[in-house]
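Beneath this line is the structure, given in structure tokens, with notes to follow.
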Amino acid sequence: MANQPSGITLFGAKGGGSAIIEAQLDYLKIPYIRRYLNWERLNDPKGDLAKVNPAREIPALLLPDGSVMTESAAITLWLGAEKPDSGLVPKTGTPEYGQFLRWLIWLVASVYPTFSYGDHPKRLLQDETAARSLRAATDKRREEMWRQFETAVTSTPWLIGNSMTALDIYIAVMTHWRPRRDWFKKNCPKVFEVAKRVDMMPEFEGMWARNLFD
């Protein structure tokens, strides 16, 4: 990375959102250390993750100077600025850049929170029935949003044009989560095809193998 020695550490969990950043680091050939954490220990206020990111959320990057970078969208934009010719983030001033920002923020601000709340409903609701209802509601809302997104996808072969961007990596990873790939194949075929195209890229073979996605 520009003006920085190697020594980045990525804190993540197998199969989680950290895979999105792991894939980007692999694609950019940036040296880094992977610290996979146990899912059951992620929320431990005294665990390793809490020492780096008090919010106890992944991904989190510990940089060589001791500073910490969190939030996948922020990390994505930061990596794009560090490697502007990589194409993971379109260049500013282009039509693709505006669309990139639009959908990046939509993914992290609209879709991703349905997992944050739906995966762990008892963090908010102690009643078992209410917790199940919250999970069901967030799952339904997520499916609705993906269907809306499917109608907005007009570019080929990638989401916003002829070149792969970090958005396509987000899609490839997130379609492994509920409602999972079979649902996307049936209900969002354009999104599904983008995900499969990312699957076939050799740059990501290691990430897929390490994260043990279904």
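Just add up the charged neighbours of Trp158: K/R +1, D/E -1, any other residue whose Cβ is under 9 Å from the Cβ of Trp158.
Values: positive: Arg197; negative: Asp168.
Taking every other residue near Trp158 into account, the sum is 0.
Measuring from a point 7 Å past the Cα of Asn187 along Cα-to-C-beta, which residues in the range 116-134 have an amide N at less than 20 Å?
So the set is 116-121, 132-134.
Of Val89, Ala137, Ile21, which is farthest on the positive side of the dipole of the chain, counting Cα position, with +1 on Lys and Arg Cβ, -1 on Asp and Glu Cβ, and the Cα centre as origin?
Ala137
So what's the net charge close to Leu125: Lys and Arg +1, Asp and Glu -1, counting the other residues with Cβ under 11 Å from its Cβ? Walk me through the intermediate numbers first.
Numbers: positive: Lys122, Arg123, Arg132, Arg135; negative: Asp127, Glu128.
In short, +2.
Would you mind pulling out the separation of the Cα centroids of the range 128-161 and the range 93-115, in Å?
Using only Cα atoms to place each centre, the spacing works out to 13 Å.
About the Cα centre of the chain, what is the dipole size in debye to 20, counting +1 per Lys and Arg Cβ and -1 per Asp and Glu Cβ, all else neutral? List each step's numbers first, then the result.
Values: 28 positive and 25 negative charges, 89 e Å.
With only Lys, Arg, Asp and Glu charged at Cβ, the dipole is about 420 debye.
Positive end of the dipole of the range 137-198, charges at C-beta (+1 Lys, Arg; -1 Asp, Glu), about the Cα centre: which of Val191, Trp158, Trp177 has its Cα farthest in that direction?
Farthest towards the positive pole: Trp177.
Calculate the FRET efficiency for Ala74 and Asn38 from the Cβ-Cβ distance with a Förster distance of 30 Å, rounded to the nearest 0.05.
Details: r = 25 Å, r/R0 = 0.83.
Computed FRET efficiency for Ala74 and Asn38 comes out at 0.75.
How much of the DSSP bridge set in the chain is antiparallel, in percent, rounded to the nearest 5?
That works out to approximately 60 percent antiparallel.
Taken together, the values in this text are just the output of simple stated rules run on the coordinates, not laboratory data. Source: prediction; values computed, not measured. Glycine gets a Cβ as well: all are built from the backbone with ideal geometry, and neighbour counts include every protein chain shown.
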